[in-house]
Amino acid sequence: MSRARRSAPSIRQRLVVQLVVVAALLSGLLYLSVRTVADAAVETTQDSILGAATTTIAEEIRGGEDGIEVDIPYTAFSMLGAIGQDRVFYRIMVGAETITGYDDLPPPEGGAATLEPRYYTRSFRDVDLRIAAVSRTVLVDGRAVEAVILVGQTRQGQAVIVATMANRAAALGLGFFVVATLLSIVTAGTVLRPINRLAEAVGRRGPQDLRPIHRDVPRELAPFVTALNGFITRLGGALSRTETFIAEAAHHIRTPLATVRAQAEIALRQTDDDATRAALRSVVRAVDGSARSAGQLLDHATVVYRTDQRTDERVDLGALTRDIARTFEPTADLREIAIALDVPDDLVAVTGDRLLLESALRNLIDNAIKYGAPDTQVDIALTTTDGAAKICVLDRGRGLSGAKALTDRFQRGENVGDIVGSGLGLTIVQEVAQAQGGTFDIVNREGGGACAILQFPLS
Ligand SMILES: Nc1ncnc2c1ncn2[C@@H]1O[C@H](COP(=O)(O)OP(=O)(O)O)[C@@H](O)[C@H]1O
Ligand SMILES: [Mg+2]
(Lines give C-alpha, C1' and ligand atoms only; values in the text may rest on other atoms or scores of the structure.)
(Ligands and ions follow the chains in the order given, each with its own letter.)
Protein backbone atom coordinates (compact mmCIF):
# COMPACT_ATOMS: atom_id res chain seq x y z
CA MET A 1 0.00 0.00 0.00
CA SER A 2 2.52 2.57 1.08
CA ARG A 3 5.32 3.23 -1.33
CA ALA A 4 8.78 2.41 -0.05
CA ARG A 5 10.35 5.59 1.23
CA ARG A 6 13.55 6.50 -0.57
CA SER A 7 15.71 7.92 2.17
CA ALA A 8 17.78 11.03 1.58
CA PRO A 9 21.51 10.75 2.26
CA SER A 10 22.13 10.51 5.99
CA ILE A 11 23.02 13.71 7.84
CA ARG A 12 25.68 11.81 9.73
CA GLN A 13 27.36 10.68 6.52
CA ARG A 14 27.23 14.15 5.04
CA LEU A 15 28.60 15.70 8.20
CA VAL A 16 31.46 13.20 8.42
CA VAL A 17 32.33 13.61 4.73
CA GLN A 18 32.37 17.40 5.01
CA LEU A 19 34.47 17.38 8.17
CA VAL A 20 36.91 14.88 6.64
CA VAL A 21 37.27 17.02 3.51
CA VAL A 22 38.00 20.05 5.69
CA ALA A 23 40.50 17.99 7.70
CA ALA A 24 42.22 16.85 4.50
CA LEU A 25 42.49 20.45 3.24
CA LEU A 26 43.89 21.63 6.57
CA SER A 27 46.36 18.73 6.68
CA GLY A 28 47.59 19.61 3.17
CA LEU A 29 47.94 23.24 4.21
CA LEU A 30 49.84 22.23 7.35
CA TYR A 31 52.21 20.09 5.28
CA LEU A 32 52.88 22.90 2.82
CA SER A 33 53.45 25.55 5.46
CA VAL A 34 55.77 23.36 7.52
CA ARG A 35 57.78 22.61 4.38
CA THR A 36 57.96 26.23 3.27
CA VAL A 37 59.01 27.47 6.70
CA ALA A 38 61.57 24.66 7.10
CA ASP A 39 63.04 25.27 3.60
CA ALA A 40 63.38 28.95 4.28
CA ALA A 41 64.92 28.36 7.70
CA VAL A 42 67.49 25.87 6.36
CA GLU A 43 68.42 28.18 3.49
CA THR A 44 68.84 31.20 5.77
CA THR A 45 71.05 29.20 8.13
CA GLN A 46 73.19 27.85 5.31
CA ASP A 47 73.46 31.30 3.75
CA SER A 48 74.67 32.90 6.92
CA ILE A 49 77.38 30.23 7.36
CA LEU A 50 78.45 30.76 3.75
CA GLY A 51 78.41 34.55 4.28
CA ALA A 52 80.46 34.25 7.46
CA ALA A 53 83.07 32.11 5.67
CA THR A 54 83.28 34.62 2.82
CA THR A 55 83.62 37.56 5.19
CA THR A 56 86.34 35.72 7.11
CA ILE A 57 88.35 35.28 3.90
CA ALA A 58 87.75 38.92 2.95
CA GLU A 59 89.11 40.07 6.28
CA GLU A 60 92.35 38.19 5.64
CA ILE A 61 93.11 40.18 2.47
CA ARG A 62 95.85 42.69 2.97
CA GLY A 63 97.22 45.30 0.63
CA GLY A 64 100.91 46.13 0.47
CA GLU A 65 103.47 47.92 -1.66
CA ASP A 66 103.82 45.03 -4.15
CA GLY A 67 100.23 43.93 -4.41
CA ILE A 68 97.61 41.96 -2.58
CA GLU A 69 98.32 39.25 -0.09
CA VAL A 70 95.78 36.64 0.84
CA ASP A 71 96.16 34.07 3.55
CA ILE A 72 93.12 31.91 3.17
CA PRO A 73 92.13 30.80 6.67
CA TYR A 74 91.48 27.12 7.18
CA THR A 75 88.59 27.91 9.59
CA ALA A 76 86.60 29.41 6.76
CA PHE A 77 86.40 26.07 4.98
CA SER A 78 86.03 23.95 8.10
CA MET A 79 82.93 26.05 8.88
CA LEU A 80 81.45 25.07 5.52
CA GLY A 81 82.58 21.48 5.80
CA ALA A 82 80.40 21.08 8.87
CA ILE A 83 77.35 20.49 6.69
CA GLY A 84 77.37 17.28 4.68
CA GLN A 85 79.69 16.45 1.83
CA ASP A 86 79.28 19.66 -0.10
CA ARG A 87 81.97 20.92 -2.43
CA VAL A 88 83.31 24.44 -2.03
CA PHE A 89 84.72 26.80 -4.72
CA TYR A 90 86.21 30.23 -4.24
CA ARG A 91 87.56 33.09 -6.31
CA ILE A 92 89.21 36.33 -5.35
CA MET A 93 89.21 39.07 -7.96
CA VAL A 94 90.71 42.47 -8.15
CA GLY A 95 88.96 44.34 -10.91
CA ALA A 96 88.54 41.82 -13.72
CA GLU A 97 91.63 39.86 -12.72
CA THR A 98 91.41 36.67 -10.73
CA ILE A 99 94.10 36.50 -8.11
CA THR A 100 93.39 33.03 -6.90
CA GLY A 101 90.71 30.37 -7.10
CA TYR A 102 88.40 29.26 -9.95
CA ASP A 103 88.40 32.01 -12.54
CA ASP A 104 85.11 30.82 -14.06
CA LEU A 105 83.15 31.14 -10.82
CA PRO A 106 80.43 33.64 -11.87
CA PRO A 107 80.41 37.03 -10.11
CA PRO A 108 77.07 38.54 -8.99
CA GLU A 109 75.07 40.62 -11.46
CA GLY A 110 75.71 44.24 -10.67
CA GLY A 111 78.77 43.35 -8.60
CA ALA A 112 79.32 43.23 -4.87
CA ALA A 113 79.83 46.55 -3.14
CA THR A 114 80.11 45.94 0.57
CA LEU A 115 81.29 43.57 3.24
CA GLU A 116 77.65 42.60 3.66
CA PRO A 117 77.44 39.32 1.64
CA ARG A 118 75.19 39.03 -1.41
CA TYR A 119 73.78 35.60 -2.10
CA TYR A 120 72.78 34.10 -5.42
CA THR A 121 72.35 30.70 -7.03
CA ARG A 122 74.06 29.85 -10.32
CA SER A 123 74.67 26.79 -12.35
CA PHE A 124 78.39 26.00 -12.23
CA ARG A 125 79.98 22.92 -13.79
CA ASP A 126 76.62 21.19 -14.05
CA VAL A 127 75.63 21.71 -10.43
CA ASP A 128 73.63 24.41 -8.71
CA LEU A 129 75.90 26.51 -6.62
CA ARG A 130 74.94 28.89 -3.86
CA ILE A 131 77.40 31.74 -3.93
CA ALA A 132 78.15 34.53 -1.44
CA ALA A 133 79.90 37.64 -2.73
CA VAL A 134 81.70 40.22 -0.59
CA SER A 135 83.63 43.26 -1.72
CA ARG A 136 86.42 45.06 0.12
CA THR A 137 88.63 47.99 -0.58
CA VAL A 138 92.35 47.44 0.01
CA LEU A 139 95.26 49.81 -0.38
CA VAL A 140 97.86 48.66 -2.92
CA ASP A 141 100.82 50.95 -3.31
CA GLY A 142 98.83 53.81 -1.90
CA ARG A 143 95.91 53.24 -4.30
CA ALA A 144 92.54 51.96 -3.19
CA VAL A 145 91.56 48.84 -5.15
CA GLU A 146 88.35 46.83 -5.01
CA ALA A 147 88.75 43.15 -4.15
CA VAL A 148 85.75 40.85 -4.69
CA ILE A 149 85.60 37.55 -2.84
CA LEU A 150 83.29 34.81 -4.05
CA VAL A 151 82.67 31.57 -2.18
CA GLY A 152 80.33 28.98 -3.70
CA GLN A 153 79.03 25.79 -2.20
CA THR A 154 76.90 22.93 -3.52
CA ARG A 155 73.68 22.35 -1.60
CA GLN A 156 73.43 18.57 -1.27
CA GLY A 157 73.55 18.80 2.52
CA GLN A 158 70.66 21.22 2.48
CA ALA A 159 68.67 18.98 0.13
CA VAL A 160 69.08 16.09 2.57
CA ILE A 161 67.91 18.21 5.51
CA VAL A 162 64.98 19.54 3.49
CA ALA A 163 63.95 16.01 2.47
CA THR A 164 64.01 14.89 6.12
CA MET A 165 61.92 17.93 7.06
CA ALA A 166 59.46 17.13 4.26
CA ASN A 167 59.01 13.61 5.57
CA ARG A 168 58.37 14.92 9.05
CA ALA A 169 55.90 17.47 7.69
CA ALA A 170 54.07 14.70 5.78
CA ALA A 171 53.92 12.53 8.89
CA LEU A 172 52.64 15.50 10.86
CA GLY A 173 49.95 16.25 8.23
CA LEU A 174 48.88 12.61 8.13
CA GLY A 175 48.70 12.40 11.92
CA PHE A 176 46.65 15.56 12.02
CA PHE A 177 44.32 14.15 9.36
CA VAL A 178 43.78 10.87 11.24
CA VAL A 179 43.05 12.65 14.52
CA ALA A 180 40.71 15.12 12.79
CA THR A 181 38.84 12.27 11.06
CA LEU A 182 38.31 10.40 14.33
CA LEU A 183 37.12 13.59 15.99
CA SER A 184 34.75 14.23 13.05
CA ILE A 185 33.12 10.84 13.50
CA VAL A 186 32.74 11.39 17.24
CA THR A 187 31.40 14.92 16.65
CA ALA A 188 28.86 13.77 14.09
CA GLY A 189 27.59 11.19 16.57
CA THR A 190 27.34 13.74 19.37
CA VAL A 191 25.60 16.32 17.21
CA LEU A 192 23.00 13.84 16.00
CA ARG A 193 22.36 12.12 19.31
CA PRO A 194 19.48 14.44 20.36
CA ILE A 195 17.78 13.86 17.00
CA ASN A 196 18.15 10.10 17.30
CA ARG A 197 16.85 10.17 20.87
CA LEU A 198 13.82 12.18 19.82
CA ALA A 199 13.13 9.84 16.90
CA GLU A 200 13.39 6.85 19.23
CA ALA A 201 11.06 8.42 21.78
CA VAL A 202 8.46 9.17 19.10
CA GLY A 203 8.90 5.74 17.50
CA ARG A 204 8.38 3.91 20.80
CA ARG A 205 4.92 5.38 21.23
CA GLY A 206 1.89 3.23 20.72
CA PRO A 207 -0.58 4.09 17.95
CA GLN A 208 -3.03 5.66 20.42
CA ASP A 209 -0.49 7.74 22.26
CA LEU A 210 -1.40 11.28 21.25
CA ARG A 211 0.18 13.03 24.23
CA PRO A 212 2.40 15.96 23.36
CA ILE A 213 6.15 15.40 23.48
CA HIS A 214 7.79 16.83 26.60
CA ARG A 215 11.51 16.44 26.18
CA ASP A 216 14.46 18.69 26.63
CA VAL A 217 15.76 19.13 23.11
CA PRO A 218 18.46 21.45 21.74
CA ARG A 219 17.24 24.88 20.74
CA GLU A 220 17.48 23.99 17.02
CA LEU A 221 15.01 21.13 17.44
CA ALA A 222 12.52 23.12 19.49
CA PRO A 223 10.56 24.44 16.44
CA PHE A 224 10.28 20.90 15.11
CA VAL A 225 8.98 19.56 18.42
CA THR A 226 6.56 22.49 18.70
CA ALA A 227 5.26 21.81 15.19
CA LEU A 228 4.97 18.10 15.93
CA ASN A 229 3.06 18.80 19.14
CA GLY A 230 0.74 21.15 17.24
CA PHE A 231 0.16 18.42 14.71
CA ILE A 232 -0.52 15.82 17.40
CA THR A 233 -3.01 18.14 19.09
CA ARG A 234 -4.81 18.82 15.80
CA LEU A 235 -4.84 15.12 14.96
CA GLY A 236 -6.26 14.26 18.36
CA GLY A 237 -8.92 16.94 17.92
CA ALA A 238 -9.81 15.73 14.43
CA LEU A 239 -10.09 12.14 15.63
CA SER A 240 -12.36 12.94 18.53
CA ARG A 241 -14.50 15.16 16.26
CA THR A 242 -14.76 12.25 13.82
CA GLU A 243 -15.87 9.91 16.57
CA THR A 244 -18.48 12.39 17.79
CA PHE A 245 -19.59 13.04 14.23
CA ILE A 246 -20.07 9.35 13.48
CA ALA A 247 -22.11 8.82 16.63
CA GLU A 248 -24.22 11.91 16.02
CA ALA A 249 -24.74 11.12 12.34
CA ALA A 250 -25.93 7.63 13.23
CA HIS A 251 -28.38 9.08 15.70
CA HIS A 252 -29.62 11.84 13.36
CA ILE A 253 -30.18 9.43 10.50
CA ARG A 254 -31.67 6.50 12.38
CA THR A 255 -34.09 8.40 14.57
CA PRO A 256 -36.08 10.20 11.80
CA LEU A 257 -36.05 7.06 9.67
CA ALA A 258 -37.52 5.09 12.56
CA THR A 259 -40.20 7.76 12.94
CA VAL A 260 -41.07 7.65 9.24
CA ARG A 261 -41.24 3.88 9.36
CA ALA A 262 -43.49 3.87 12.42
CA GLN A 263 -45.80 6.48 10.86
CA ALA A 264 -45.98 4.53 7.62
CA GLU A 265 -46.85 1.34 9.53
CA ILE A 266 -49.62 3.13 11.43
CA ALA A 267 -51.00 4.61 8.22
CA LEU A 268 -50.81 1.18 6.63
CA ARG A 269 -52.98 -0.25 9.37
CA GLN A 270 -55.50 2.57 9.14
CA THR A 271 -56.14 2.55 5.39
CA ASP A 272 -58.12 0.07 3.28
CA ASP A 273 -57.28 1.60 -0.07
CA ASP A 274 -55.16 -0.94 -1.95
CA ALA A 275 -53.18 1.61 -3.96
CA THR A 276 -52.31 3.58 -0.80
CA ARG A 277 -51.35 0.39 1.02
CA ALA A 278 -49.04 -0.63 -1.82
CA ALA A 279 -47.47 2.85 -1.80
CA LEU A 280 -47.01 2.74 1.97
CA ARG A 281 -45.49 -0.70 1.80
CA SER A 282 -42.91 0.50 -0.69
CA VAL A 283 -42.22 3.47 1.61
CA VAL A 284 -41.53 1.04 4.46
CA ARG A 285 -39.26 -1.03 2.25
CA ALA A 286 -37.36 2.02 1.05
CA VAL A 287 -36.95 3.28 4.59
CA ASP A 288 -35.63 -0.13 5.65
CA GLY A 289 -33.17 -0.05 2.79
CA SER A 290 -32.01 3.45 3.64
CA ALA A 291 -31.67 2.62 7.30
CA ARG A 292 -29.63 -0.43 6.46
CA SER A 293 -27.38 1.45 4.02
CA ALA A 294 -26.93 4.36 6.38
CA GLY A 295 -26.13 1.92 9.15
CA GLN A 296 -23.52 0.21 7.04
CA LEU A 297 -21.96 3.45 5.88
CA LEU A 298 -21.62 4.50 9.50
CA ASP A 299 -20.39 1.06 10.48
CA HIS A 300 -17.75 1.33 7.82
CA ALA A 301 -16.73 4.79 9.04
CA THR A 302 -16.51 3.41 12.57
CA VAL A 303 -14.37 0.50 11.43
CA VAL A 304 -11.99 2.81 9.55
CA TYR A 305 -11.82 5.12 12.55
CA ARG A 306 -11.27 2.34 15.04
CA THR A 307 -8.64 0.65 12.93
CA ASP A 308 -6.46 3.67 13.73
CA GLN A 309 -7.74 4.11 17.27
CA ARG A 310 -8.02 0.51 18.42
CA THR A 311 -8.44 -0.37 22.01
CA ASP A 312 -7.15 -3.92 22.13
CA GLU A 313 -8.44 -6.22 24.84
CA ARG A 314 -8.89 -9.94 25.38
CA VAL A 315 -12.18 -10.91 23.80
CA ASP A 316 -13.96 -14.23 24.30
CA LEU A 317 -14.92 -15.02 20.74
CA GLY A 318 -17.33 -17.80 21.83
CA ALA A 319 -19.40 -15.49 24.03
CA LEU A 320 -19.31 -12.79 21.39
CA THR A 321 -20.54 -15.15 18.67
CA ARG A 322 -23.40 -16.42 20.88
CA ASP A 323 -24.49 -12.87 21.78
CA ILE A 324 -24.57 -11.66 18.21
CA ALA A 325 -26.30 -14.77 16.88
CA ARG A 326 -29.01 -14.23 19.48
CA THR A 327 -29.66 -10.67 18.30
CA PHE A 328 -30.31 -12.03 14.79
CA GLU A 329 -32.91 -14.56 15.87
CA PRO A 330 -35.97 -12.27 15.29
CA THR A 331 -34.76 -11.41 11.77
CA ALA A 332 -34.07 -15.07 11.02
CA ASP A 333 -37.52 -16.07 12.34
CA LEU A 334 -39.17 -13.61 9.94
CA ARG A 335 -37.52 -15.45 7.03
CA GLU A 336 -38.12 -18.80 8.67
CA ILE A 337 -34.44 -19.50 8.84
CA ALA A 338 -32.95 -21.45 11.73
CA ILE A 339 -29.64 -20.44 13.23
CA ALA A 340 -27.51 -23.41 14.31
CA LEU A 341 -24.65 -22.49 16.64
CA ASP A 342 -21.63 -24.72 17.13
CA VAL A 343 -19.47 -22.88 19.66
CA PRO A 344 -17.18 -24.60 22.20
CA ASP A 345 -17.80 -23.95 25.89
CA ASP A 346 -14.10 -23.33 26.49
CA LEU A 347 -12.70 -19.86 26.36
CA VAL A 348 -11.58 -18.88 22.87
CA ALA A 349 -9.62 -15.71 23.54
CA VAL A 350 -8.32 -13.36 20.89
CA THR A 351 -6.73 -9.98 21.39
CA GLY A 352 -8.55 -7.30 19.50
CA ASP A 353 -11.05 -4.51 19.42
CA ARG A 354 -14.41 -5.86 20.55
CA LEU A 355 -16.36 -3.38 18.42
CA LEU A 356 -14.47 -4.33 15.27
CA LEU A 357 -14.91 -8.05 15.86
CA GLU A 358 -18.63 -7.58 16.50
CA SER A 359 -19.05 -5.55 13.37
CA ALA A 360 -17.38 -8.20 11.19
CA LEU A 361 -19.43 -11.03 12.62
CA ARG A 362 -22.68 -9.08 12.38
CA ASN A 363 -22.13 -8.42 8.69
CA LEU A 364 -21.44 -12.09 7.92
CA ILE A 365 -24.55 -13.33 9.75
CA ASP A 366 -26.62 -10.54 8.20
CA ASN A 367 -25.57 -11.67 4.72
CA ALA A 368 -26.22 -15.34 5.48
CA ILE A 369 -29.77 -14.60 6.63
CA LYS A 370 -30.39 -12.05 3.87
CA TYR A 371 -29.19 -14.25 1.02
CA GLY A 372 -30.23 -17.58 2.53
CA ALA A 373 -33.36 -19.25 1.17
CA PRO A 374 -36.44 -19.46 3.44
CA ASP A 375 -36.84 -22.66 5.45
CA THR A 376 -33.14 -23.34 5.51
CA GLN A 377 -30.51 -23.26 8.20
CA VAL A 378 -27.58 -20.91 8.81
CA ASP A 379 -24.66 -22.68 10.48
CA ILE A 380 -22.30 -20.67 12.63
CA ALA A 381 -19.28 -22.67 13.81
CA LEU A 382 -16.37 -21.56 15.92
CA THR A 383 -13.30 -23.83 15.98
CA THR A 384 -9.68 -23.43 16.96
CA THR A 385 -6.89 -24.73 14.76
CA ASP A 386 -3.18 -24.30 15.40
CA GLY A 387 -2.99 -20.82 16.89
CA ALA A 388 -6.05 -19.44 15.11
CA ALA A 389 -9.72 -19.05 15.91
CA LYS A 390 -11.86 -19.86 12.89
CA ILE A 391 -15.45 -18.73 12.42
CA CYS A 392 -17.48 -20.28 9.57
CA VAL A 393 -20.83 -18.84 8.56
CA LEU A 394 -22.68 -21.16 6.14
CA ASP A 395 -26.03 -20.69 4.45
CA ARG A 396 -28.18 -22.45 1.89
CA GLY A 397 -29.10 -19.74 -0.55
CA ARG A 398 -28.38 -18.34 -3.96
CA GLY A 399 -24.60 -18.40 -3.49
CA LEU A 400 -22.09 -16.02 -5.04
CA SER A 401 -22.15 -15.00 -8.65
CA GLY A 402 -20.01 -12.80 -10.81
CA ALA A 403 -16.26 -12.52 -10.90
CA LYS A 404 -16.12 -9.22 -9.07
CA ALA A 405 -14.08 -8.74 -5.91
CA LEU A 406 -16.99 -8.66 -3.48
CA THR A 407 -14.84 -7.30 -0.67
CA ASP A 408 -14.23 -4.05 -2.59
CA ARG A 409 -16.23 -1.05 -1.53
CA PHE A 410 -19.81 -0.85 -2.91
CA GLN A 411 -19.37 -4.06 -4.89
CA ARG A 412 -22.46 -6.26 -5.02
CA GLY A 413 -23.04 -9.59 -6.70
CA GLU A 414 -24.90 -9.96 -10.00
CA ASN A 415 -27.66 -12.13 -8.50
CA VAL A 416 -28.79 -9.86 -5.68
CA GLY A 417 -30.66 -7.05 -7.47
CA ASP A 418 -33.87 -7.93 -5.64
CA ILE A 419 -32.33 -7.58 -2.17
CA VAL A 420 -31.50 -4.31 -0.47
CA GLY A 421 -27.80 -3.78 0.20
CA SER A 422 -24.97 -1.31 0.05
CA GLY A 423 -21.97 -3.43 -0.87
CA LEU A 424 -20.07 -2.39 2.24
CA GLY A 425 -20.58 -5.43 4.48
CA LEU A 426 -17.75 -7.60 3.16
CA THR A 427 -15.52 -4.52 2.93
CA ILE A 428 -15.97 -4.07 6.67
CA VAL A 429 -15.26 -7.77 7.30
CA GLN A 430 -12.11 -7.65 5.19
CA GLU A 431 -10.86 -4.49 6.89
CA VAL A 432 -11.47 -5.90 10.36
CA ALA A 433 -9.64 -9.12 9.45
CA GLN A 434 -6.68 -7.10 8.22
CA ALA A 435 -6.62 -4.78 11.22
CA GLN A 436 -6.68 -7.72 13.65
CA GLY A 437 -4.01 -9.70 11.85
CA GLY A 438 -6.49 -12.29 10.58
CA THR A 439 -7.82 -13.47 7.21
CA PHE A 440 -11.18 -13.52 5.48
CA ASP A 441 -12.49 -15.61 2.60
CA ILE A 442 -15.92 -16.24 1.09
CA VAL A 443 -16.61 -19.06 -1.37
CA ASN A 444 -19.54 -20.99 -2.80
CA ARG A 445 -20.63 -23.87 -0.65
CA GLU A 446 -21.04 -27.36 -2.00
CA GLY A 447 -24.73 -28.05 -2.44
CA GLY A 448 -25.64 -24.36 -2.77
CA GLY A 449 -25.16 -21.29 -0.67
CA ALA A 450 -22.11 -19.47 0.56
CA CYS A 451 -19.37 -20.26 3.03
CA ALA A 452 -17.65 -17.37 4.76
CA ILE A 453 -14.51 -18.06 6.81
CA LEU A 454 -13.02 -15.54 9.21
CA GLN A 455 -9.83 -16.31 11.14
CA PHE A 456 -8.00 -14.48 13.92
CA PRO A 457 -4.81 -15.40 15.74
CA LEU A 458 -5.46 -16.69 19.28
CA SER A 459 -4.02 -14.62 22.09
N1 LIG B 1 -24.06 -15.26 2.10
C2 LIG B 1 -24.03 -14.78 0.85
N3 LIG B 1 -24.69 -15.42 -0.15
C4 LIG B 1 -24.65 -14.95 -1.40
N5 LIG B 1 -24.02 -13.84 -1.78
C6 LIG B 1 -23.36 -13.17 -0.83
C7 LIG B 1 -23.34 -13.59 0.52
N8 LIG B 1 -22.57 -12.71 1.21
C9 LIG B 1 -22.18 -11.77 0.35
N10 LIG B 1 -22.64 -12.03 -0.89
C11 LIG B 1 -22.37 -11.26 -2.11
O12 LIG B 1 -21.36 -10.29 -1.82
C13 LIG B 1 -21.85 -9.00 -2.10
C14 LIG B 1 -21.25 -8.04 -1.14
O15 LIG B 1 -21.70 -8.24 0.16
P16 LIG B 1 -21.85 -7.05 1.15
O17 LIG B 1 -20.55 -6.34 1.05
O18 LIG B 1 -22.26 -7.56 2.47
O19 LIG B 1 -22.89 -6.12 0.51
P20 LIG B 1 -24.48 -6.16 0.56
O21 LIG B 1 -24.83 -7.32 1.42
O22 LIG B 1 -24.87 -4.88 1.10
O23 LIG B 1 -24.85 -6.34 -0.87
C24 LIG B 1 -23.32 -9.10 -2.00
O25 LIG B 1 -23.93 -8.10 -2.79
C26 LIG B 1 -23.58 -10.49 -2.54
O27 LIG B 1 -23.58 -10.47 -3.95
MG1 LIG C 1 -24.13 -7.35 3.51
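Laid out as a table, the results:
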quantity: Filtered GluC sites (Glu not before Pro), the range 96-146: DSSP coil and at most 10 other beta carbons within 10 Å; calculated: Glu109
quantity: The range 320-374: trypsin sites (Lys or Arg not before Pro) falling in loop per DSSP and having at most 15 other Cβ within 10 Å; calculated: Arg335
quantity: Estimated FRET transfer efficiency (Val179, Asp128; beta-carbon r; R0 51 Å; 0.05); calculated: 0.85
quantity: Net dipole in debye of the range 312-459 [+1 Lys, Arg Cβ; -1 Asp, Glu Cβ; about Cα centre; nearest 20]; calculated: 400
quantity: Rounded Å value of the spacing that divides the Cα centres of the range 272-313 and the range 330-368; calculated: 19
quantity: The chain - accessible surface per residue (Å², probe 1.4 Å); calculated: 58
quantity: The chain, dipole about Cα centre (Lys/Arg Cβ +1, Asp/Glu Cβ -1), debye to the nearest 20; calculated: 1440
quantity: Relative contact order of the chain, pairs being alpha-carbon contacts under 8 Å that are 6 or more residues apart, as %; calculated: 10
quantity: Solvent-accessible area, 1.4 Å probe, carbon plus sulfur percent, for the chain; calculated: 56
quantity: Counted charge near Val287, where neighbours are those whose Cβ lies closer than 12 Å (Asp, Glu -1; Lys, Arg +1); calculated: +3
quantity: Positive-end residue of Tyr102, Ile266, Ile92, charge dipole of the chain with Cβ unit charges; calculated: Ile266
quantity: Those trypsin sites (Lys or Arg not before Pro) in the range 80-160 that DSSP places in a loop and that have at most 15 other beta carbons within 10 Å; calculated: Arg87, Arg125
quantity: Cβ-derived FRET efficiency at R0 25 Å, Ile72 paired with Ala144, nearest 0.05; calculated: 0.65
quantity: Computed magnitude of the charge dipole of the range 206-309 (debye, nearest 20; Cβ of K, R +1, Cβ of D, E -1); calculated: 80
quantity: Centre separation in Å (Cα based) which lies between the range 158-199 and the range 60-109; calculated: 52
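The values are calculated or read from the model by the stated rules, or taken from the named source; none is laboratory data. Here the structure is a predicted model, which is why all the values come from computation and not from measurement. With ideal geometry, Cβ positions are generated from the backbone for all residues, glycine too; neighbour counts draw on all protein chains shown. Just so you know, the surface numbers come from the protein's heavy atoms only, side chains and all, with ligands and any DNA or RNA stripped out. Shrake-Rupley method; radii C 1.70, N 1.55, O 1.52, S 1.80 Å.
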